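Heads up: the structure comes next, in structure tokens.
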């Protein structure tokens with residue numbers, strides 16, 4: 001199976017693009033950079049895990065991706081509280097983070113049980 005065919009990777013990839021476009025003009029460079037790095041980390045770690053030869057390594061990289069989703073959620077909440085994005089934008093991003101996080105959790109469990 002190719003990681004590019006996984007719905008979770010596709011969603012994470014699109015989320016990363018959304019983060020970059022949403023915060024493109026943000027002048028808070030520290031927060032912007034951290035959010036961009038976290039968002040890129042998710043599909044990247046999914047890809048890296050699937051390119052590994054062992055399920056244990058794959059699960060570890062998926063766990064890193066899941067951690068990055070949690071980090072991104074926190075940063076998006078901060079961005080909202082600081083007035084950098086609207087309530088609608090934050091809810092859209094946070095909902096997608098929640099979905100991706102759950103998908104990653106299920107995938108990790110599946111891999112660990114094989």
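Side notes on the structure shown:
- Filter result for residue 91 (assigned to a helix (DSSP H, G or I), out of contact with any strand residue (DSSP E or B) (no Cβ under 9 Å at 6 or more places or on another chain), on the phi < 0 side of the Ramachandran plot and loosely packed, with under 13 Cβ neighbours inside 10 Å): no
- Residue check, residue 64 surrounded by 13 or more Cβ atoms within 10 Å (Cβ to Cβ) and touching a residue at least 40 places away in the same chain (Cβ under 8 Å): no
- Selection within the stretch 96-114 - part of a helix (DSSP H, G or I), surrounded by fewer than 14 Cβ atoms within 10 Å (Cβ to Cβ) and in contact (Cβ under 8 Å) with a residue 24 or more places away in the chain: 98, 112
- Qualifying residue in the stretch 2-22 (condition: touching a helix residue (DSSP H, G or I) at 6+ places or on another chain (Cβ under 7 Å), farther than 24 Å from residue 108 by Cα and crowded, with 17+ Cβ neighbours inside 10 Å): yes
- Boolean, residue 30 is in contact (Cβ under 8 Å) with a residue 12 or more places away in the chain and not in a loop (DSSP other than H, G, I, E, B): no
Values in this text are rule-based calculations from the coordinates and carry no lab data. Keep in mind that what you see is a predicted model, and the values were worked out from it rather than measured. Ideal geometry is used to build each Cβ from the backbone, glycine not excepted, and the neighbour counts take in all protein chains shown.
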